[in-house]
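Asks: Here's a structure for you.
The values are calculated or read from the model by the stated rules, or taken from the named source; none is laboratory data. Just so you know, these numbers come straight off a predicted model, no measurement behind them. Cβ placement follows ideal geometry from the backbone for every residue including glycine, while neighbour counts extend to all protein chains displayed.
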Amino acid sequence: MNTVLGLRPMLAIGVAIGTAVGVAGCGGGGDSAGNGTSALQVSPRASILAVVPLAPAVVKLRQYNIDPSKVFVAGISSGGFAAVQMHVAHSSIFKGAAIYAGGVYWCAGAGGAATALANCGGLTLATDQASYNSTLAESVAYLDAQSALGSIDAATNLQGQPVYLWSGTLDKTVHPLEMADLNTQYKYYGANVHFDNSFPAAHGWESPEGELACGTTGTPFMVNCSVNGQVYDSVKTWLTMFLGGLNPRNNGALRGTLAPFDQTEFGSSVNLSMSTTGGVFVPKACSQGQECGLVMALHGCKQQASLIGNRWVAQAGINEWADTNRLVVLYPDTVASSAPNTTNPNGCFDWWGYSNQYYPDYAIKSGLQMSALYAMVQRVTGRP
């Protein structure tokens, strides 16, 4: 039976995967989703997944002593697009972003899933490349308009903020040119960007815990890469950008606690394509009231807990750094949905408007899923 973070049975919510219309591959699943396990090359650390004390039951998300200068967002593919949305819409709150195989703000525009697939990601063509048509100009115009209206925070907040971008040269789900557009966009607004775009990586999130070799495509879309024969750690790269010097990574049993938290009080439901529970990792120091930072980490399509268990949370490689550097990590979770007003068969975060019944303003503060995610940040930080 599927589990939420490996802790308890997942509620059966009547989801349907693969048969309903939706974004087929973006955020974790292009042309070979579900078939990648036959090509597994396991990371040396993949055998010690989720070595962390586990809470026995679902908890109520609580407030911690969060330094407002250390609030960040990260995401992979559909979660990468959603992380860009969160960062841009709440740029006064989030002080940096790490985006893996995502794309420009409001990339899908008002065109829904079809436009998202054709222009931004999720569709692998007969040419064995991801479908791509630049929407950068439209994105900048929309961002500027919403910033002027006040429906998102002022775009000037992005000036000088640290932004990490990852795009594998072998990504057939989100075209590298889409990430190049995002690089251009962030630089246009004055962000301090580090762009890792030379690794021969397939579509996925990179960390030393990733169970797939760098160029392998397939579930669970967690890859590990190397530089000159040495294991690479992309999370270390962006956390160094965000925090400066880091305490050493905890490569053993983590002292913090990973717990499932109730997402329903923030509006999560099958109609919003969000699970009843998400995950939160809390270092011991943070639970004792010391000042900490916060990372909200958003998975990709086909990486929801009901489909791959705790592999996203365990292999992301964030908890190991968070444990020794006082970072609370929020892992919101989705569910696949074929509800009457929500077609999202692959459990993607909303970056084309499904949660707003394809209303074009899904990427501003008032977007339904955006509001739910931000409410979680408000709870943890105590910010209004």
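Asks: In this structure, is E138 touching a residue at least 12 places away in the same chain (Cβ under 8 Å), assigned to a helix (DSSP H, G or I) and of a type in the set (D, E, K, R)? Walk me through it before giving the result.
Replies: On the way: touching a residue at least 12 places away in the same chain (Cβ under 8 Å): yes; assigned to a helix (DSSP H, G or I): yes; of a type in the set (D, E, K, R): yes.
Here the answer is yes, as E138 does meet what is asked.
Asks: Another question, if that's okay. Inspect all residues belonging to region 194-201 and state whether any of them is under 16 Å from W106 (Cβ atoms), surrounded by fewer than 21 Cβ atoms within 10 Å (Cβ to Cβ) and out of contact with any Pro (no Cβ under 8 Å at 6 or more places or on another chain). Before the answer, list the steps.
Replies: First pass over region 194-201, keeping only residues under 16 Å from W106 (Cβ atoms): none.
For region 194-201, residues under 16 Å from W106 (Cβ atoms), surrounded by fewer than 21 Cβ atoms within 10 Å (Cβ to Cβ) and out of contact with any Pro (no Cβ under 8 Å at 6 or more places or on another chain): absent.
Asks: On the given criteria, is G245 part of a loop (DSSP other than H, G, I, E, B), without any contact (Cβ under 8 Å) to a residue 12 or more places away in the chain and surrounded by fewer than 24 Cβ atoms within 10 Å (Cβ to Cβ)?
Replies: Considered against the rule, which asks whether it is part of a loop (DSSP other than H, G, I, E, B), without any contact (Cβ under 8 Å) to a residue 12 or more places away in the chain and surrounded by fewer than 24 Cβ atoms within 10 Å (Cβ to Cβ), G245 comes out as yes.
Asks: Report yes if G27 is outside any helix (DSSP H, G or I), modelled with pLDDT of 50 or more and buried (at least 21 other Cβ atoms within 10 Å of the Cβ), otherwise no.
Replies: no
Asks: For region 119-135, what are the residues that are at pLDDT below 95 and either closer than 18 Å to N344 by Cα or not in a loop (DSSP other than H, G, I, E, B) (or both)?
Replies: G121, G122, L123, T124, A130
Asks: Pairs please, first residue from region 353-374 and farther than 15 Å from A114 by Cβ, second anywhere and of a type in the set (F, W, Y), Cβ atoms under 6 Å, 6+ apart in sequence or on different chains.
Replies: Partner pairs satisfying both residue conditions: N356/Y362; A363/W106; A372/F266.
Residues checked against (1) in contact with a His (Cβ under 9 Å, 6 or more places away or on another chain); (2) modelled with pLDDT of 95 or more; (3) charged (D, E, K, R); (4) within 28 Å of W352 (Cα to Cα):
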| position | (1), (2), (3), (4) |
| --- | --- |
| A213 | no, yes, no, no |
| T216 | no, yes, no, yes |
| V223 | yes, yes, no, yes |
| T237 | yes, yes, no, no |
| D262 | no, yes, yes, yes |
| L294 | no, yes, no, yes |
| K302 | no, yes, yes, yes |
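Asks: Return the total of residues in region 97-118 being buried (at least 24 other Cβ atoms within 10 Å of the Cβ) and not aliphatic (A, V, I, L, M).
Replies: Applying the first criterion (buried (at least 24 other Cβ atoms within 10 Å of the Cβ)) to region 97-118 yields 97-108, 116.
Within this subset, residues satisfying the condition of being not aliphatic (A, V, I, L, M) are 100, 102-103, 105-107.
Within region 97-118, residues that are buried (at least 24 other Cβ atoms within 10 Å of the Cβ) and not aliphatic (A, V, I, L, M) number 6.
Asks: Looking only at residues in region 141-178 that are free of Cβ contacts under 8 Å to residues at least 60 places away in the same chain and part of a loop (DSSP other than H, G, I, E, B), which one is surrounded by the most Cβ atoms within 10 Å (Cβ to Cβ)?
Replies: Out of the qualifying residues, it is H175.
Asks: Run down N271, N310 and say which single residue is over 21 Å from S338 (Cα atoms) and either touching an Asp or Glu at 6+ places or on another chain (Cβ under 6 Å) or surrounded by fewer than 24 Cβ atoms within 10 Å (Cβ to Cβ) (or both). Spell out the reasoning first.
Replies: Working: N271 fails: over 21 Å from S338 (Cα atoms).
Exactly one of N271, N310 is over 21 Å from S338 (Cα atoms) and either touching an Asp or Glu at 6+ places or on another chain (Cβ under 6 Å) or surrounded by fewer than 24 Cβ atoms within 10 Å (Cβ to Cβ) (or both), namely N310.
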